1. Just a yes or no: is a residue in the range 132-149 surrounded by 15 or more Cβ atoms within 10 Å (Cβ to Cβ) and among the polar types (S, T, N, Q)?
2. Which residue out of 140, 174 is within 17 Å of residue 231 (Cα to Cα) and either assigned to a strand (DSSP E or B) or touching a helix residue (DSSP H, G or I) at 6+ places or on another chain (Cβ under 6 Å) (or both)?
3. All but one of (1) within 18 Å of the chain's Cα centre (by Cα); (2) within 20 Å of residue 209 (Cβ to Cβ) hold for residue 168, so report the exception by its number.
4. Confirm whether residue 242 is more than 19 Å from residue 23 (Cα to Cα), free of Cβ contacts under 8 Å to residues at least 24 places away in the same chain, surrounded by fewer than 23 Cβ atoms within 10 Å (Cβ to Cβ) and not assigned by TED's automatic domain parsing to the domain that holds residue 27.
5. With 86, 90 as the choices, which residue is more than 25 Å from residue 34 (Cβ to Cβ), at pLDDT 65 or above and assigned to a strand (DSSP E or B)?
6. Looking for something loosely packed, with under 10 Cβ neighbours inside 10 Å, at pLDDT below 95 and of a type outside the set (Ser, Thr, Tyr) - is there at least one such residue anywhere in the range 105-119?
Amino acid sequence: MTNETSRGVEWAALLKEAVVRPGMILEAYSNFHNFSLGNCLLACLQCQERGIPFGPIATYKRWQELGRQVRKGEKALTLCMPVTRKGNKKAKQQDAEIELDEQESAYTFFVYRPRWFVLSQTEGEDVEPEPIPGWEKEQALRELRIAEERFEDPNGNVQGYSVPGGKIAISPLAQLPSKTLFHELAHQLLGHVGDQTIIEGDRLPKNLREAEAESVALICCEALRLEGAPYCRGYIQTWLAGDEIPEKSAQRIFAAAERILRVGAARPLEPV
């Protein structure tokens, strides 16, 4: 991993690590939940590679504000951060073919920078780690504007389903109701339902749709310490049948899982 890169990390590779390494998502989310999922996993990997004990992370300046000092010689962790810059943008009237004066505008992009240190890399005042946020189903459904309707499929093997109009149903006999819930929420958020299955001009094949949804379920189940993660891993490998998750799919998976975890959090997660 380089300190500065325009490409950043490969999300497909990061997701693959999470799939093949049980417990990685749980460790990452438990210790770094104030950050985005991608940054949670990035921090986790770097700590493991360098033998740094897990713990709260903050910038050099933030540690100083908390009464702690980064020890001399410690190397910062590299995470993704948003950068906002101002620029000039030409505006054009829609109803007249005349160009207006250049107007100042702001735009945001993301870069990777080595600016964060783990608690164990610092010394000073005691710092209590923040509690891991809980997750509330009803709150998440409300924020996502997804309704759970009565399960009416007579097929006893069906655990749940999604239908157009932002509706899902979970079987009262589902073996792993939380896993099934996250799976169906993922189908809705990833645009797998009805005509939405055409993503960026391409119709996603069924195996990729199911692998995407099951990957979201894996992240959510393991992050929240809910049953189902081992089953998710098996289903993902079955649906992929030896293929790799495409980079765009991995990006969409992380975005969907991030959204599900955040909207259902018992308290808002802090942005990076």
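1. Scanning the range 132-149, I find no residue that is surrounded by 15 or more Cβ atoms within 10 Å (Cβ to Cβ) and among the polar types (S, T, N, Q), so the answer is no.
2. Numbers: 140 fails: within 17 Å of residue 231 (Cα to Cα).
174 is the lone residue from the list that is within 17 Å of residue 231 (Cα to Cα) and either assigned to a strand (DSSP E or B) or touching a helix residue (DSSP H, G or I) at 6+ places or on another chain (Cβ under 6 Å) (or both).
3. Condition (1) is where residue 168 drops out.
4. Details: more than 19 Å from residue 23 (Cα to Cα): yes; free of Cβ contacts under 8 Å to residues at least 24 places away in the same chain: yes; surrounded by fewer than 23 Cβ atoms within 10 Å (Cβ to Cβ): yes; not assigned by TED's automatic domain parsing to the domain that holds residue 27: yes.
Spelling it out, residue 242 is indeed more than 19 Å from residue 23 (Cα to Cα), free of Cβ contacts under 8 Å to residues at least 24 places away in the same chain, surrounded by fewer than 23 Cβ atoms within 10 Å (Cβ to Cβ) and not assigned by TED's automatic domain parsing to the domain that holds residue 27.
5. Numbers: 90 fails: at pLDDT 65 or above.
Going through 86, 90 in turn, just one is more than 25 Å from residue 34 (Cβ to Cβ), at pLDDT 65 or above and assigned to a strand (DSSP E or B): 86.
6. First, pick out the residues of the range 105-119 that are loosely packed, with under 10 Cβ neighbours inside 10 Å: 106, 108-109.
Add one more test, that the residue is at pLDDT below 95, and what stays is 106, 108-109.
With of a type outside the set (Ser, Thr, Tyr) added as a condition, the list becomes 106, 109.
Yes, the range 105-119 contains at least one residue that is loosely packed, with under 10 Cβ neighbours inside 10 Å, at pLDDT below 95 and of a type outside the set (Ser, Thr, Tyr).
The values are calculated or read from the model by the stated rules, or taken from the named source; none is laboratory data. This structure is a prediction, so every number in the text was calculated from the model and none was measured. Counting neighbours? That spans all protein chains shown, and the Cβs are built from the backbone with ideal geometry, glycine included.
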